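Before any comments, here is the structure.
The values are calculated or read from the model by the stated rules, or taken from the named source; none is laboratory data. All values derive from a computational prediction rather than experimental measurement. Counting neighbours? That spans all protein chains shown, and the Cβs are built from the backbone with ideal geometry, glycine included. To get the accessible areas, we keep the full protein, side chains included, count just its heavy atoms, and leave off ligands, DNA and RNA. Shrake-Rupley method; radii C 1.70, N 1.55, O 1.52, S 1.80 Å.
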Amino acid sequence: MRTDPVGTIAEDDRVVAEGTAGATTVTGTACDNCRIGVRTVRDGRIASVVAYAGTHHVAETLFPGFPGREGGGVQPEGVTGGP
C-alpha cells in the first residue's frame, strides 16, 4: 500500500490532511482512493482522528457485486444509477 500527501490545513487545534492511497488487491486490481483526515491536537499530542475515504469505490473494487456496481448487487429502494 502506498500513501501520498496532497495538502494540509491547520487552524487552532485541528489539522486537516488530504492525501491519496493506493494498493493492488490479491486479484491484481488497482485500488486508488482519496482520503481526508481530521486530527485534533492537545498538549502536543494527537487527541483524536476522524478519517474519510471514498468507501463506495473501495467496496466496488474489493467486493465485486457490491450494491450499485453495474451488473451486480441490489440497489436500495429509490436509488437509481451509479455514483
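Observations on the structure shown:
- Full extension of the chain between Val6 and Val26 gives 4.5 nm of extra length, using 0.36 nm per residue less the Cα-Cα distance.
- Whole-number accessible area per residue in Å² for region 1-60, which is evaluated in the context of all protein chains at 1.4 Å: 74
- With a 1.4 Å probe rolled over the protein heavy atoms of all chains, the accessible area of Glu60, Glu18 falls in the order Glu18, Glu60, largest first.
- In sequence order, region 37-52 has phi-based couplings of x, 10, 10, 9, 10, 9, 6, x, 10, 6, 8, 7, 9, 10, 10, 10 Hz under the Karplus curve 6.51 cos²θ - 1.76 cosθ + 1.60, θ = phi - 60°, and Gly or Pro positions carry x.
- When the residues Val6, Val15, Val26 are ordered by accessible surface, computed with a 1.4 Å probe over the protein chains alone, the sequence from largest down reads Val26, Val6, Val15.
- Computed from the Cβ-Cβ distance with R0 of 25 Å, the FRET efficiency linking His56 to Val15 stands at 0.45.
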